[in-house]
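Right, one structure below, let's go through it.
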Amino acid sequence: MRTKGHLRWTIFGILLLVGFACIGAYLIRRPAMAPFTGERPFYVYPGQPFEAVMDSLEQAGLVRDPGLIRFLAVLTGWNRQIKPGRYVLTADLSALDLLQILRKGLQRPLDVTIPPGMTMEGLARLLDEALAFSAAEFLRTLRDERFCAELHLDTTRIIGYLFPETYNVYWTISPQALIRRCVEQFRAFFADSLRQRAERLGLQEAEVLTLASIVEWEAQLDRERARIAGVYWNRLRRGWPLQADPTVQFALNKRHRRLLVRDYRVPHPYNTYLYPGLPPGPITNPSPASILAVLYPEEHAYYFFVANGDGTHTFSRTHAEHLRAVARYRAWRAARDSVDT
């Protein structure tokens, strides 16, 4: 009798355990997310503890069963394995699914666009908003001589190699990895045919980027890039100073400020009004269009140009022609300013 009674209790205990196991499996497998449609991005920041992650999920209204998620995370030890990242969550995720995503770092990559014509500081701010690293980290990397040497570059040239493109990357990508991608993309673009063209023109790779970076800041219209490049080529061939306003703006770190007479006298190696030839390195990251304009400049007899105020420029062959164009521009600007006031 005792044996039969003991057997009954054993069977009952087994059934009870199976029942609890089934209930537990159901609980951890059923959707633990709040009802919402589509996909929701969710960020886990570097160094963010598990409880802070859970608080963020609750505050965002993304989970309906936070207690179960916490219990399962502590039970499995996964609360100590959560990885930073940009995750894309859906409403059908169970507690188990959610924790697996967070502990394995199963991120969804995103598209980050690097525009042309950026300053280091401007690009750092843009990437600070889009990716996990800070603007300060990005700038430190660009100014790291050892890192630049690994890319066969230096800190004065690296800005020109940040090839304008849309990159599909993880939110947690490091500054070093992103910069490497940009440099690799430039070198893939600057193929043998372009390299050979540069050699025929007597330019090294970095010199192409330096001149193209000036064209990038000068030209507002694609149709004028090759013509502006042609002006600078004409000046270089005759040994004239480039007298490029963007290089002075770069020296002053005043990208969009109207230059004053005293600005042209600033003793800075990038001031092409004082120093002939190309400046020491690129002043920005030029677009493919500006690079091609430098390699295939328009052939003409222009040596001067001045802005018209509408994105176009007036090109002149002689200094006298140029002075007349400058006078017309100043008169237009004065009339516009008087209307504005």
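Only the coordinates and a few stated rules stand behind these numbers; no lab work does. Model, not experiment: these values are computed from the prediction. Every residue, glycine among them, receives a Cβ derived from its backbone with ideal geometry; neighbour counts consider all protein chains shown.
Estimate the FRET efficiency between VAL88 and ARG255 by the formula 1/(1 + (r/R0)^6), using the beta-carbon distance for r and 41 Å for R0, to the nearest 0.05.
0.70
Take the Cβ-Cβ distance between LYS104 and GLN48 as r, set R0 to 22 Å, and report the resulting FRET efficiency rounded to the nearest 0.05.
So the FRET efficiency works out to roughly 0.85.
For the Cα atoms of the chain, what angle does the longest principal axis make with the long axis of helix 222-238, in degrees from 0 to 90, nearest 10?
Once rounded, the angle reads 50 degrees.
In terms of modelled amide H atoms, which long-range or inter-chain residues lie less than 5 Å from the amide H of SER94?
ALA32
Return the sequence-ordered ³J(HN,Hα) values of the stretch 125-137 in whole Hz as given by the Karplus equation 6.51 cos²θ - 1.76 cosθ + 1.60 applied to θ = phi - 60°, using x for Gly and Pro.
5, 4, 6, 4, 6, 9, 10, 6, 6, 8, 4, 5, 4
Compute the distance from the alpha-carbon center of the stretch 249-285 to that of the stretch 120-149, in whole Å.
Centre-to-centre (Cα) distance: 23 Å.
Give the span of the stretch 110-189's Cα atoms along each principal axis, as three whole-Å numbers ordered largest to smallest.
Rounded to whole Å, the extents work out to 28, 28, 22 Å.
Order of GLU129, GLU150, GLU224 from fewest to most other C-beta atoms within 10 Å?
GLU129, GLU150, GLU224
Cβ under 15 Å from ARG80's Cβ, ARG80 left aside: what net charge do those residues give with Lys, Arg +1 and Asp, Glu -1?
+3
Can you pull the Kirkwood radius for the chain, inverse mean 1/r over Cα pairs, to one decimal in Å?
24.7
Which FRET efficiency value, to the nearest 0.05, is calculated for SER56 and THR76 with the Förster distance at 25 angstrom and r the Cβ-Cβ distance? Let's see the in-between values first.
Numbers: r = 20 Å, r/R0 = 0.81.
Efficiency, from the Cβ-Cβ distance: 0.80.
Over 19 Å apart: what share of the alpha carbon pairs of the stretch 97-157 falls there, rounded to a whole percent? Before the final figure, lay out each step's value.
Values: 908 of 1830 pairs.
Taking all Cα-Cα pairs of the stretch 97-157, the fraction more than 19 Å apart is 50 percent.
Which whole-number percent gives the relative contact order of the chain, counting Cα pairs below 8 Å spaced six or more residues apart?
For the chain, the relative contact order is 14 percent.
If we restrict to alpha carbons, what Rg and Dmax does the stretch 26-104 come to, in Å?
In order Rg, Dmax, the Cα atoms of the stretch 26-104 give 11.2, 32 Å.
Checking a compactness column here: for the stretch 186-322, what do you get for Rg(Cα) / (2.2 N^0.38 Å), N being the number of residues?
The stretch 186-322 yields a ratio of 1.00.
Taking Cα pairs under 8 Å and at least six residues apart, what relative contact order does the stretch 201-341 come out at, in percent? Numbers along the way, then the final one.
Values: 208 pairs, mean separation 42.4, N = 141.
Averaging sequence separation for qualifying contacts and normalising by length gives 30 percent for the stretch 201-341.
Taking neighbour counts of Cβ atoms within 10 Å as a proxy for exposure, in what order, fewest first, do THR172, THR166 appear?
THR166, THR172
Once fully extended, how much extra length lies between ARG146 and ARG187, figured as 0.36 nm per residue of separation less the alpha-carbon to alpha-carbon distance?
Contour length minus Cα-Cα distance gives 12.8 nm.
What do you get for the angle between helix 66-76 and the principal long axis of the chain? Use alpha-carbon atoms, 0 to 90 degrees, nearest ten.
On a 0 to 90 degree scale, this one is about 80.
For the stretch 52-60, what does the Karplus curve 6.51 cos²θ - 1.76 cosθ + 1.60, with θ = phi - 60°, yield as ³J(HN,Hα) per residue in whole Hz, taken in order and with x for Gly and Pro?
5, 5, 5, 4, 5, 4, 5, 5, 7
Between PHE304 and residues 5 or more places away or on another chain, which pairs have amide H atoms under 5 Å apart, with H built 1.01 Å from N, and which residues are they?
SER316
Amide H of PHE36: which non-local residues (sequence gap of 5 or more, or other chain) have their own amide H closer than 5 Å, using H built in the peptide plane?
ALA91
Step through the residues of the stretch 256-268 one at a time and calculate ³J(HN,Hα) from phi using the Karplus curve (6.51 cos²θ - 1.76 cosθ + 1.60, θ = phi - 60°), rounding each to whole Hz and writing x for Gly and Pro.
10, 7, 5, 7, 9, 4, 5, 5, 6, 9, 5, x, 9
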